[in-house]
Amino acid sequence: MGKLIVIEGTDSSGKETQTKKLYEKLFEKGVNVKKITFPNYESPACAPVKMYLAGEFGTTALSVNPYPASTMYAIDRYASYKKEWEKFYLEDGVVVTDRYTQSNMIHQASKITNKKEKEEYMKWLVDLEFNKMEIPKPDMVIFINMPFEFAQKLMKNRENKITGEMKKDIHEKDIEYMKKSYLNACEIAKKEGWIEISCVKDGKLRTIEEISEDIFNAIENEIFGG
């Protein structure tokens with residue numbers, strides 16, 4: 001059995017960059033490592049996710065029920081696991097992923113305001129993906145904490161991953177929803193015991209290298225045993 005390391009965070013937190021840097025560092029150290037990302041926009045299984053983000057099921061994120069939205073993302077992960085990395089993982093490979101089930105916890109659970117209903121959703125999601133669909137549970141989740149105000153500034157200059165243009169998806173269009181997702185992520189990170197890496201120190205953004213070093217130090221013991 002391999003290891004699954006998840007890099008999580010809200011939009012514009014640098015997940016893609018940090019996942020790539022972690023992969024490169026592990027590869028340089030001779031680790032049998034594979035890098036994946038979600039949503040897997042190249043996969044046919046991701047078509048419903050793309051429709052959701054384009055606003056085809058509702059023009060705002062909050063107008064789409066979190067349960068079907070979560071199921072769309074879960075199917076994308078299931079297809080990726082079965083087709084692209086199951087064998088590698090089962091043969092002791094280390095998989096580093098930019099987003100995973102935890103993204104549903106961050107973005108979809110933020111739509112639920114009632115505490116009891118949110119807890120029920122979280123239980124349902126864990127059961128759906130890890131028990132019913134039988135995709136692997138993460139060994140570690142690294143939460144890159146990019147404060148909302150800083151993320152908004154960074155997002156202004158970012159291209160949309162689906163269109164390659166400055167057009168925003170239904171998550172990115174809704175600033176209040178993005179803020180709710182960030183606050184929800186901070187709350188869940190503490191509750192679930194994710195390893196939190198701060199992007200800001202003394203009111204200033206830390207460098208990509210500083211954040212990367214913290215992430216590597218956090219997972220070193222898990223991969224190399226100390």
Quiz item: For region 106-144, which GluC sites (Glu not before Pro) are in a loop by DSSP, counting at most 12 other Cβ atoms within 10 Å?
Solution: GLU134
Exercise. Kindly state, as a whole number, the per residue volume in cubic angstrom of the convex hull around the alpha carbon atoms of region 37-121.
Key: 98 Å³
Practice problem: For every helix of n ≥ 4 consecutive DSSP H residues, a contribution of -39,500 (n - 2.57) applies; sum these over the chain, divide by its total residues, and give [θ] at 222 nm rounded to the nearest 500 deg cm²/dmol. | Solution: -14000 deg cm²/dmol
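Where Rh denotes the Kirkwood radius from the mean inverse Cα pair distance, what is Rg over Rh for region 103-156?
Values: Rg = 14.2 Å, Rh = 13.3 Å.
Answer for region 103-156: 1.07.
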Quiz item: Considering the Cα trace of region 10-76, what is its radius of gyration and what is Dmax, both in angstroms?
Solution: 15.4, 46
Exercise. Hand me the GluC sites (Glu not before Pro) from region 1-88 located in a DSSP loop with no more than 13 other Cβ atoms within 10 Å, in residue order please.
Key: GLU42, GLU56
Practice problem: With the full set of protein chains in place, find how many percent of the accessible area of the chain is carbon and sulfur; take the probe as 1.4 Å. | Solution: 51 percent
Practice problem: List the relative contact order of the chain as a percent without decimals, with contacts defined as Cα pairs under 8 Å and 6+ residues apart. | Solution: 32 percent
Self-check item: All-pairs Cα distance distribution in region 27-183, expressed in whole percent, bin size 10 Å
Solution: 9, 36, 37, 16, 1
Quiz item: Could you give the nm distance between label points at GLU120 and GLU149, where each point is 7 Å from its Cα heading toward the beta carbon?
Solution: 3.8 nm
Exercise. For region 106-131 and region 3-21, write down the distance between their C-alpha centroids in whole Å.
Key: 22 Å
Quiz prompt | Amide hydrogen neighbours beyond the local backbone of ASN145, cut-off 5 Å, H modeled | solution = ILE197, SER198, CYS199
Quiz item: Say the cut-off is 20 Å between C-alpha atoms; which of LYS50/LYS191; LYS137/LYS191; LYS20/LYS173; LYS82/LYS132; LYS34/LYS132; LYS20/LYS111 go over it?
Solution: LYS50/LYS191; LYS20/LYS173; LYS34/LYS132; LYS20/LYS111
Practice problem: May I ask you to derive the relative contact order of region 29-131, considering only C-alpha pairs under 8 Å and at least 6 residues apart, and to give it as an integer percent? | Solution: 38 percent
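The values are calculated or read from the model by the stated rules, or taken from the named source; none is laboratory data. Source: prediction; values computed, not measured. Glycine gets a Cβ as well: all are built from the backbone with ideal geometry, and neighbour counts include every protein chain shown. Accessible surface areas use protein heavy atoms only, side chains included; no ligands, DNA or RNA. Shrake-Rupley method; radii C 1.70, N 1.55, O 1.52, S 1.80 Å.
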